[in-house]
Each structure stands twice: as C-alpha cells, then as structure tokens.
Amino acid sequence: MAEHGGCFPPMDLFRSEPMHLVQVIIPIESARLTVSYLGDIGLIQFKDLNSEKSPFQRTYAGQIKRCAELARKLRFFKDQMSKADIKLSAKSEAKAEFNLDDLEVKLGDLEAELTEINGNNEKLQRSYNELVEYKLVLQKAGEFFKVAQSRAAAQQAEVSSEQAAEESLETPLLKDQESTTVDQGKQVKLGFLTGLVPKGRSMAFERILFRATRGNVFLRQSSVDEAVIDPSSGEKVEKNVFVVFFSGERAKSKILKICEAFGANRYPFAEDLSKQAQMIIEVSRRISELKTTIDAGLLHRANLLETIGQQYEQWSDLVRKEKSIYHTLNMLSIDVTKKCLVAEGWSPVFATQQIQDALKLATIDSKSQVGAIFQVLHTKELPPTYFRTNKFTESFQTIVDAYGVAKYQEANPGVYTVVTFPFLFAVMFGDWGHGICILLACLFLIFKEKKYSSQKLGDIMEMTFGGRYVILLMALFSIYTGLIYNEFFSVPFELFSPSAYACRDDACSEATTIGLIKTRDTYPFGVDPAWHGSRSELPFLNSLKMKMSILIGVAQMNLGIILSFFNALYFRNPVNVWFQFIPQMIFLNGLFGYLSLLIIVKWCTGSKADLYHVMIYMFLSPTDDLGENQLFANQKTVQLVLLLLSLIAVPWMLLPKPFILKAQHNSRHQGQSYTPLEGTEESLQVETAHDSHGHEEFEFSEVFVHQLIHTIEFVLGAVSNTASYLRLWALSLAHSELSTVFYEKVLLLAWGYNNVIILIIGGIVFIFATVGVLLVMETLSAFLHALRLHWVEFQNKFYEGDGYKFAPFSFALLGDEDE
Amino acid sequence: MGFFVTTLTFIVIGIIACLCTRVCCNKGPSANLFHLTLVITATVCCWMMWAIVYLAQMNPLIVPILSEGE
C-alpha cells in the first residue's frame, strides 16, 4: 500500500504512522468484553458496517435505551444534588465490578426513594406555609376586631351618654327615633371573610370588590411586614391581611369568586375572642410540629444524596463506557450462521501485538470456547492519518490540523512548524522585556500542569493552557530576537560592546545635521544601540527589516518546495520531480533567490545600487547597461540568463505533465474495456465494499485545467507570497513603535514631573497599557499572522491536507466528547 | 572577520545542543532524528537572523543623525 522511497531514514512525526485495515471475528459471548478491552487500548477505529440500518433496527438498540435511561436517572440525581448544594466527591480509584443489571436495579430504587421524599417534602412544606399564613390572619384580623369592638363600645357609651343628657321634651322626635333604632340593636347581620392577598394586587382587589358589590362592602387591609412563602407557588410574596364585611348571599358568592381570581387565600375566623386565642395557640403548636417533621425529612434526603454523591462519578463513568461499548457493538455486522460478530477497523501497524494480546485476554476472561480471529485486509481505501504526539508536539500538530489533516503519509509540516512558527512570531514581537514577561506567565502554567489538566477550565483558559508549550517557545525566541533588535521595553542597551558609532569631532557639532560616523567594528550582536531615538532610525530599520523579511520568506518557501520534492520521492512520482519541482525551484530562485543574493551582495560591498531599479529593469529592459547599479561583474549576462530560464520554467510547469499523465493512464489501461471480476477472497462478505472504484476516470481537459490553475497559482503566488512576508516587517515596526510610545509618553513623562503620586499613576498606566496592548493584543496579532504565513505561504508549496484524522474507539477520549 | 568567528560560534553551539539532546532524551532512531531536525532548524533560524542584522550594519549607507534633544 505504501510505496516507500526508502533512501531516507524514518523520522518521528514526519509522516503518518503506517495503518492497515484489520478484521476481527469475535464470538458473541465474548463480544462485550472484547470491545471493552479494545476500548482500553484505544487503537482501533471501527468502521460502521451497518450504516444502512437506522438506529432502531440495530441489534443492541435495546441495551442503548437502558443505558440512556440510566444516564437520565444519573442526570436527575446530579440536578437534585446541585439544588441541595451537595458536592460530588472525587473519583475513587477502587475498581468496583458493577454489573449493569445490578446498577439498573440500584438506581431505580434510589430514584423512587428520592422522588417519594421530594413529594412528601413538598406536601409538608405546603401545609406549613398555609399554617403560617393562617397564624398571620388570626393575629391581624384579631387586631381589627379588637379595635372595632373598642370603638363600637366607645361610640355606644357616647350615644347613651348623649341620650341621657338630652331627655327632655325639646328633643326632636326624629333624633329620638334614630337613637332608639341604634339602641334597639336592629342591626343588620354582616358576614365577613378574612384572608391574605398579594400586596401588589391589593389595590386592584379593593377596587374590583367595590365595583362588584356596588360599594356595599367594607374592606380593611393591613400589610404584613415580612414576605410570606405562598403555599401554591412556593415563592416569597409580600401580602396584606384583609377583612371584608358584606351582607347577603349574592355578595358573598361574588366576593368568593373575586378572591379566587386574585389568588387570595381565605382562612376561617371565629368572632369570639376566646376562640381566637385558642386557635392561635393550636396553630402555633401545629407549626412547630410540622417544622420538626420537615427538618427530619430534609436531613434524610441530604443523607441519601450524600451516599449518591460518593458513587456518582464511578456510576456515570460506567454508564458512559457501557453506552459506548454498545454503540460500537452496533457497528459490527452479525453473522447469524456462525454465531459471531465481524468487526472491521483501521489500526496502526505497531499496535498489532497489543490488539492480539487484548483479544486473547478477553477470550480467557469470558470463558469462551472459541478465540477471536484477527486478520489484516488489503484495500485501496485511504487510511486515516495518525501522528503519535506527546504533550509537547500535540499543540503544534493541532495548529497544523486546524488548516487540514495531512493526507495519509504525506510530509507533515508540523515537524518544522515546531521551530519556525515561534520563530516567525518572535520576528514580529522582538522585545526581550516582553519576552521575559510572557516566559514567566507560561512557566507558571507549566508548573501547575498537573493541577490544571485534571480541572475543568473556561474556554479561553483552556486554549491558553493547551498551548503552553507553544507559548514557551514563542517567549524564548522573543527573548532572542529582542536581544537582536536591542529592545527592552523599547530601551536599547550596550550589552555586547560599545556602540560602533561616534561623533565626527570632539565637539559633536554635526551630530544633529550630518550625523555620527562608524569608528569601531560593527556591533557584534544585534542592532547598534546608537540608532534608537535618532532621526534616521526609521529609514535604517525599515530597510533592514524589509530585506530581512524577504530573505526569511524566500528561505521558508524554498523549504516548502523541497518538502514537495521529498513527497514526490516518497510516493515514487518522477513526473512531479522533473516537471514540477525543478521548474518551480528555477522560477522562484531565478527571480527571488536572485533578489536575495543581490541584497546580500549590496550589504557586503556597501554599494549604492538601487535594487528596485535593478529588479524592475531586469524585466522591462534586460539588455540595457546597468551603470551605477552594477553590483558584480557580468551582472547583465547573469540577469539575462536567469530571466530566460524563468520564462522557460513557466511552460515547463504547465505543458508536459498533463500529456505525460494521459500517456501513463493509456498504457496502464491498455485494452481494458471491462472492469475485472472480483477475485476470490477468503474473508467474509465485506469485500464487495472495497475496490468498487478500481477503474479511474481520466478527463484530459480536467487534468489540464488543474495544472493550469496550479501553474498560475505558483507564478503569481511567487510575487504575492514574497510580498506577504513583508508583514514580518510591518508588525515588528508596530510593536516597537507602540512600545516606544508607552515608554516615552507615559513612563518618562510621569518621571519628569518629580511627583511620587504622578509617578505611581504613570507606572500603573504603563503596566496596564503594556499588558493589555502589547502583551495580549500584540501577541494575538503576531500569533495570527505567523499562523497565516505558515498556512498559506509555506504550506501551499507542498501540502494537500485532505486526509482524515484517526479517531480510535478509546475510553480515555470519551470524557472529552461528552462534556 | 567578526562575521566568520561568530558564525563558527553558532555552529559550535548548534553541535553542542545536538549532543545535549542526544544525551538527555535518547528515544530511538526516529525520535532522535526528529530532535536533531528541531535543533538544526532552530540553530539555522537564529543564525540567519543574526547574520542578516550583522551584514546590514557592516557597510552602512546611512548613519545615525541624533535628534535635537540629545
């Protein structure tokens, strides 16, 4: 399956692990145990052999329903536990051999018990709330009646004293009649209702009562100080106690209906004073009784939930595992005649021994008579891609995979990304002070690795923690490039030797007009500290950084093309070598490699040649004399030759390959008008699924257009990608300018005032600005641009990235999926 | 002169780093090759950056012109 170009030794992570398609025939009685052990190893990706069946038609659908039921019960328990604020204890390492049936029974019992307790609790609570309200009504209404009675008594005393005073013939007759009427007590019998109404609705209640009974009621309300728990809704509501007096049956029924509509709870009230006192005592007693009962109930529930909490993690793990085992079993095809299950899956070649050991163990443990059969199938299907990463390389591989998973066995850019990605980040970030800050932050993350990897972190924190090794390398390289750019929070230092520049004369008279001159040897490591703050700093640094970006860009693109060469060698594809790799190298290096050479020669000789001019006129008028732009002898001839070679390279990339592919296709399928019949294989019915696409179609126009697009992309891309690398210059300029502004305009300004408070404020502003803008925003920005340079400019030279990732059936990975 | 000396220094540091990685984590030929690749790539990147900055300053076409305040 893999055609090796075996002249290079294998390198970890450079190409996918060799994978093969395996078939395992398992007897039914050991099926569950086998799948469980294979899940422990986690190195097989099972293929779904029953994909035509719906989930309900599959063999183990019933078992999955049971597991789902158990999962629901566990969720219910978790809900109850969180409501009661009970913590889940951590997973105990004891490997309890729980059977699924036992667990089902146990969980069912617990659920029934818990629901019963909850129901009882609710009922008791309701009664309790009602009694509390009743007590309030008794107290408040009692006050009404007492007040009313005392007032009536006072009024009666007044009237009688009035009467006694005016017993003479002069008193008018009517008044006599009135007072007699009052005195005789021909009082109309009034009925009354007492209860509680929510305070918010009390005004509306009063109004509607008034309207409905045409004003023939007397309502007294008194508010309750604290909120009461409403028996029906269970929430705290502010309520008013009301007493409504009415006369007549019709009024009574209307008032009853209105009370119901407003959710006002009514309670009976006895007029008699002594009876009232009795009721209050009785109600208080019942309240305290209920309270003790409710408390006991809650305690019982808490105990129950505690016991559940201790075992919860274990149970939920078990249920999850079982569910996944049954899902996997559903994917295997059942062979009824032979009473066994057939499994097919991809697995890495190195895992063969492990898998066979697991199968043997399962056979022994399930006391089965027949062992499982393991065999390797041959197929033309594309296997999944599997890289064995460790915690360090995993994050870099994730970065590469985010763009596209590598096709099976093509060169993995991740190998070089481990170094070049942090390096390009550092070129754009370049400040060793900031680098040290980031280094400290990620060292903290790395030291707390064990603690954080078992915790559940928030989204952003998880991403940062997952990329801690990337950030570590980014910080280390940033310190290096910071030393080279000579920037420590934008301040340069003379670390390695005194600056190479000095004044022309002792008085330094021309320092601000013509400038310094170079007296000593070149500053040995990095940018000379004399440049910072000078007026010609930007022209110099811009020229330096732009040329550096081009040089780095051309180097990385060449690396990409060379990787495509290795791919072509590995897959034994000489067409790609002669008609893709070589013209691409000639084109890119003939033009941009030559530019890089010119840059280096100009630096070494110190010539004043204008490189823009040279490059542009190389195309516009190649035969013209170079004059003062000449950098080396015979430059004109060299340029003419390179131009010619580059021009030839374009049709070289475009034309031969489609024709050669067509000729190859014709020679391979000479005289084959029919597809050959499927050969006899010993394996079971699965073979019909493979090799269904043995006969490839060859559309010449399609291949030609594909090659045309590829060529245009490369040729135009050579210019645009090289220019794209100029973002290395742009971002590093932005970073250093921001850093300078924060240092000079915040810190130095604050220092200049000679005031401690202003200095402290300035310091705080400086710290916040540095952390927020430079350490967070600039980091993200440089990260993004370095990522783009890798994904587009580097990878489009060689990477296809249309494979799929190896997703084995593994219990270890289950936990990540579910959350 | 300084250029070649420092280039040599980089090469020496690179070799020492390779040896250190070989001594510290020797995990089989394919893993060793991987570590070697990483170290060499890092050394080349670092050297390239230093060399570019050094060459650019060897024969400067412009010189620092101090600003008024200094």
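The values are calculated or read from the model by the stated rules, or taken from the named source; none is laboratory data. Keep in mind that this is a model prediction, so the values were computed, not measured. All Cβ positions, even for glycine, are placed from backbone atoms using ideal geometry, and neighbour counts span all protein chains on display.
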> Under 8 Å by Cβ, and 6 or more places apart or on different chains, what pairs join a residue from the stretch A:589-610 that is touching a residue at least 60 places away in the same chain (Cβ under 8 Å) with one that is part of a helix (DSSP H, G or I) and among the polar types (S, T, N, Q)?
Replying inline: A:Leu591/A:Ser646; A:Phe592/A:Thr722
>> Go through the stretch A:752-769 and report how many residues are over 32 Å from the mean Cα position of the chain (by Cα), surrounded by fewer than 13 Cβ atoms within 10 Å (Cβ to Cβ) and in a helix (DSSP H, G or I).
In response: 5
> Exactly one of (1) in a helix (DSSP H, G or I); (2) at the interface with chain B (Cβ under 10 Å from one of its Cβ atoms); (3) closer than 18 Å to A:Thr481 by Cβ is unmet by A:Leu559. Its number?
Replying inline: (3)
> In the stretch A:8-29, what residues are in contact with a Leu (Cβ under 9 Å, 6 or more places away or on another chain) and away from chain B (no Cβ under 14 Å)?
Replying inline: A:His20, A:Leu21, A:Val22, A:Gln23, A:Val24, A:Ile25, A:Ile26, A:Pro27, A:Ile28
>> Please return the ranges of helices (runs of 4 or more DSSP H) entirely within the stretch A:431-492 where 1 or more residues are of a type in the set (Phe, Trp, Tyr) and touching a strand residue (DSSP E or B) at 6+ places or on another chain (Cβ under 8 Å).
In response: A:432-447
>> So, in the stretch B:39-69, exactly how many residues are assigned to a loop (DSSP other than H, G, I, E, B), out of contact with any strand residue (DSSP E or B) (no Cβ under 7 Å at 6 or more places or on another chain) and at the interface with another protein chain (Cβ under 7 Å from one of its Cβ atoms)?
In response: 7
> Within the stretch A:412-430, is there a residue that is within 25 Å of the chain's Cα centre (by Cα) and without any contact (Cβ under 8 Å) to a residue 12 or more places away in the chain?
Replying inline: no
> What number of residues within the stretch A:519-531 satisfy the criterion of being facing another protein chain (nearest Cβ under 7 Å) and among the polar types (S, T, N, Q)?
Replying inline: 1
> Which of (1) more than 7 Å from chain B (Cβ to nearest Cβ); (2) small (Gly, Ala, Ser); (3) assigned to a loop (DSSP other than H, G, I, E, B) is the odd one out, the single condition A:Ser534 does not satisfy?
Replying inline: (1)
> Among the numbered criteria (1) assigned to a helix (DSSP H, G or I); (2) modelled with pLDDT under 95; (3) among the polar types (S, T, N, Q), which single criterion is violated by A:Ser683?
Replying inline: (1)
> Does the stretch A:45-60 contain at least one residue that is in contact (Cβ under 8 Å) with a residue 24 or more places away in the chain and in a helix (DSSP H, G or I)?
Replying inline: no
> If you check A:Ala511, A:Ala507, which single one turns out to be facing another protein chain (nearest Cβ under 7 Å), part of a loop (DSSP other than H, G, I, E, B) and modelled with pLDDT under 85?
Replying inline: A:Ala511
> Is at least one residue of the stretch A:576-590 over 22 Å from A:Lys407 (Cα atoms), within 14 Å of chain B (Cβ to nearest Cβ) and not aromatic (Phe, Trp, Tyr)?
Replying inline: no
> Residues in the stretch A:514-523: is at least one more than 37 Å from the chain's Cα centre (by Cα), over 28 Å from A:Tyr416 (Cβ atoms), free of Cβ contacts under 8 Å to residues at least 12 places away in the same chain and crowded, with 19+ Cβ neighbours inside 10 Å?
Replying inline: no
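Would you mind stating whether A:Gly772 is part of a helix (DSSP H, G or I) and buried (at least 18 other Cβ atoms within 10 Å of the Cβ)?
no
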> Can you name the residue in the stretch A:319-356 that is charged (D, E, K, R) and over 18 Å from A:Phe811 (Cβ atoms) and is also surrounded by the most Cβ atoms within 10 Å (Cβ to Cβ) among such residues?
Replying inline: A:Glu344
